[in-house]
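Read through the structure below, which is laid out as structure tokens, and then see the notes.
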Amino acid sequence: MILPDDCEDKEWVIPTRTGGYSSSTVCGVNSRTYHGFLIVPQNSPHFRFLVLSKFEDFLRVGREEIPLNTNHYLGGFFPDGYKFITRFERGRNYVKWYYQYGTIDVEKTLVVNQFYNSVDVTYRATKGFFRICPLITYRSHHLTWKNRQGFFVMETQGNRINILFENKLILSFEIDGENRVEPTGYWYYNFMYKLDKENGSNFEEDLYNPFCIYSLGNHIIIHAYSGERPATSTPKGLHRDPVKLIGENGLDFLVKGNRGWAIIAGYHWFDEWGRDTFISMEGILLMNNETEAVLQILRRYFSLEEKGMLPNGYIDYNGEPIYRGVDVSLWGINAVYKYFLYTHDKDAVKELFPVMQDIVEWYNKGNGIVYNKGGIIFHRGAPRTWMDAQYDGVVVTPREGAAVEVNALWYNALKVMDYLSNVTGLSDDRYAKMAEETKRSFVSTFEDERFLYDVVDWDGKPDRSLRPNQIFAVSLPFPVVEGDLAKKVVNAVEDSLFRPYGLSSLSRESPQYKPVYKGDRASRDNAYHNGPIWPWLLGSFIDAKVRLETNQIVLKLLIDQLRPLMSLAEKNGGYLPEIFDDVPPYKSRGCMAQAWSNAEVYRGDHQINQFIETSDYYVRLSWKWSSRN
């Protein structure tokens, strides 16, 4: 038996790959505003709305009704369907609950029809009938609603039941199996979402029940969809190899929207973000041979360039681009370089190269946000780096001035431009000269006696906080620091920030250090980049280690240190979360499924194994050569 108190933080999520998803907990108790059987984008992949929360469902045996579901109301848990659950199963595109009541076995399977806003829920029992009552709403997945009577209309068209909200069709049902439908028009009041309550968010909900379905047999399928109804998908199992599982499930972040392919940054609440998109491209798309999707995404982002800036996000209801991040364009140039390494597609590079030139030109001469001072990029405004937490007008980590990773990315971008200009025959030697100037200035600007400064302000005052941002100076394809300084950087990060699940965002020695991410919005945002562990940083840390480490044993031990993440991915349906607390037991926090976590851990593991395999090959080759001579 799975107790409801124990299950409310044991979540599952299955993306529809339209931008929406299906999600709940292992015992079926919705514990977040974001939980529901069907969340649908209104401007795909953006502007996501919950339309079908769940089913209030029962097994009917004679005059007795046995509940199959459980809800958390303000007054407690009801009904007690959790008592009859014997097992929960998670697959690639489905979840299944197994129940037992005396000698009667029941199975309830929810299958997500990916690339459609559609789920199919199948009920089977060895004996008895079913009563199934959908609970619906129509609201942003970020916000709950209460007391919204009178807005929903139920219409029947042949074997299809439509639900309208203010004359807009929001949800349809079709039923396979003999049944009768009884209109109800009931409201269910005071659902309570525990995880949102703990976070100080809205957590109370009322849901509407338009009708109930009575099966006339012990097998029935309910098709719930918004828009087009697809054919029922076949349930698919999860890959048994945890590394391949992380790589395969990374594709669930690739979605098809109104403007083509996009990468969703994280489930449940994150949308499409430029920075996350470019960082995730290799591990999610290129390593899965999705090169056409990569090129389409690059074309779309680069077509939206303004004064050297690429979009960091989009307004959800109309898709208009938002320009904020000073590193986004530089990550974009890096993504083009990675695309070329995988495809050798010179024509695509030639197509994108003029925009890349424009980006570099604006960064070089300044655009009102970024400024070039002697080869070093400074920026105004906050927050504009990936450490972007803010609440009630408070910017937690402003980092205005010259940020270390922005300048590592700037040097990398200049070297990429030099490389690609030569590869494509568009040779321009000024990029190499600019890169050399930046490299000289970088060392004199950021080098500390122990590691690299995190930020240098406009007056030249350094921020000596030990953060992981400096790892990019060593890890990027074209590292701006080398030799002893590079070793010093990697050693500092490894000694102070490396953890079982990633890199901590701030040294424990800092007075701003806050290791636990929980509580209300202010508490969480104050901690967000000031201590919690970020798995996505492992990819860059591994790049740096592979670049500098010559001892294979050390790198093989690094694989062992990734095992806690692999184990978690197996339990989490193939997804890795956004962050972890920086104290044991390293509780996962934030989004339960984060694109760049999957992408960079998958890529990092591949990097280590590739290096070891290559080294083993040359060791074997050397042994053969020496034995022959």
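The values are calculated or read from the model by the stated rules, or taken from the named source; none is laboratory data. What you see is a predicted model, and the numbers here were worked out from it, not measured in a lab. Quick reminder, even Gly has a Cβ in these numbers, built from the backbone with ideal geometry, and neighbours come from all protein chains shown. Please note that ligands, DNA and RNA were not included when accessible areas were found on the heavy atoms of the full protein model with its side chains. Shrake-Rupley method; radii C 1.70, N 1.55, O 1.52, S 1.80 Å.
List of remarks:
- Selection from Ser31, Val51, Pro134 lying farthest towards where the dipole of the stretch 1-159 points positive, charges on Cβ: Val51
- Loop-located trypsin sites (Lys or Arg not before Pro) in the stretch 34-76 (DSSP state other than H, G, I, E, B) with a sparse environment of at most 14 neighbouring Cβ atoms within 10 Å: Arg63.
- Compared with the dominant principal axis of the Cα atoms in the chain, helix 537-548 is inclined by about 30°.
- At full extension, Gln296 and Lys83 could sit 71.8 nm farther apart than now, given 0.36 nm per residue minus the alpha carbon distance.
- Scoring 404-411, 478-485 by mean Cβ neighbours within 10 Å over their residues and listing the highest first yields 404-411, 478-485.
- For the chain, the relative contact order is 11 percent, taking Cα pairs closer than 8 Å that sit 6 or more residues apart in sequence and dividing their mean separation by the residue count.
- The smallest convex shape that holds all Cα atoms of the chain, its convex hull, gives 178 Å³ per residue.
- Looking at the chain, the DSSP beta bridges with both ends there are about 100 percent antiparallel.
- In the stretch 1-151, the C-alpha radius of gyration followed by the widest Cα-Cα span (Dmax) gives 15.4, 48 angstrom.
- Volume per residue for the stretch 310-407 equals 132 cubic angstrom (convex hull of Cα atoms).
- Between the alpha-carbon centres of the stretch 32-93 and the stretch 479-533 there is a gap of 38 Å.
- Computed FRET value (nearest 0.05) for Tyr342 with Lys365, which takes r as the C-beta separation and R₀ as 25 Å: 0.20
- Residue list for the stretch 360-400, given a label point 7 angstrom along the Cα-to-Cβ vector of Arg440 and an amide N cut-off under 11 Å: 375
- Per residue value of the accessible surface for the chain (all protein chains in place, 1.4 Å probe), Å²: 39
- With all protein chains modelled, accessible area of Glu437 [1.4 Å, Å²]: 80
- The angle between the Cα long axis of helix 274-284 and the longest principal axis of the Cα atoms of the chain comes to about 90 degrees, rounded to the nearest 10.
- For the stretch 477-544, the dipole from Cβ point charges (+1 on Lys and Arg, -1 on Asp and Glu) about the Cα centre works out to 340 debye, to the nearest 20.
- Dimensionless Rg/Rh of the stretch 126-184 - Kirkwood Rh, Rg from C-alpha atoms: 1.02
- Cα-centred dipole magnitude for the stretch 85-168, charges only on beta-carbon of K, R (+1) and D, E (-1), debye, nearest 20: 180
- Its Kirkwood hydrodynamic radius, worked out from the mean inverse distance over all distinct Cα pairs, puts the stretch 346-455 at 15.2 Å.
- The fraction of Cα-Cα pairs per 10 angstrom bin, counted from 0 for the stretch 325-371, comes to 26, 49, 21, 4 percent, rounded to whole percents.
- 11 Å cut-off, amide nitrogen to a point 7 angstrom out along Glu155 Cα→Cβ, residues in the stretch 39-65: none
- Full-extension gain in nm, Asn167 to Lys307, via 0.36 nm per residue minus C-alpha separation: 46.1 nm
- Rg to Rh quotient for the stretch 9-89, alpha carbon positions, Kirkwood Rh: 1.05
- Compared with the alpha-carbon gap, the fully stretched path from Asp9 to Asp463 is longer by 159.7 nm at 0.36 nm per residue.
- In the chain, helices alone account for a calculated mean residue ellipticity at 222 nm of -10500 deg cm²/dmol, with every DSSP H run of four or more residues adding -39,500 (n - 2.57).
- Once both labels are positioned 7 Å from their Cα atoms along Cα-to-Cβ, the gap between Val516 and Leu426 label points is 5.3 nm.
- Think of it this way: in the chain, Cys591 stand alone, with no other Cys Cβ under 4.7 Å.
- Rg and Dmax over the alpha-carbon atoms of the stretch 42-84 stand at 15.4, 47 Å.
- Accessible surface, 1.4 Å probe, highest first, among residues Ser444, Ser280: Ser444, Ser280
- Lys/Arg +1, Asp/Glu -1 at C-beta; the chain dipole; positive extreme among Ser510, Trp261, Met434: Trp261
- Accessible area per residue was computed with a 1.4 Å probe on protein heavy atoms; His268 scores about 0 Å².
- The stretch 419-516, Cα convex hull volume normalised per residue, Å³: 144
- Taking a point 7 Å out from the Cα of Tyr391 in the direction of its Cβ, none of the residues of the stretch 126-161 has a backbone N less than 16 Å from it.
- Heavy-atom accessible surface of the chain: percent carbon and sulfur, 1.4 Å: 47
- Accessible surface ranking for Trp12, Trp187, 1.4 angstrom probe, highest first: Trp187, Trp12.
- Across Met154, Met1, the residue with the most accessible area heads the list, and the full order at a 1.4 Å probe is Met1, Met154.
- For the stretch 120-257, radius of gyration divided by Kirkwood radius, i.e. Rg to Rh on alpha-carbons: 1.02
- Computed with a 1.4 Å probe on the full set of protein chains, the accessible area for Leu74 sits at about 90 Å².
- Beta-bridge orientation, the stretch 10-52: approximately 100 percent antiparallel, per DSSP, counting only bridges with both partners inside.
- Net dipole in debye of the chain [+1 Lys, Arg Cβ; -1 Asp, Glu Cβ; about Cα centre; nearest 20]: 680
- With a simple spin-label model that places each label point 7 Å from the Cα along the Cα-to-Cβ direction, the separation between Glu178 and Asn609 comes to 5.3 nm.
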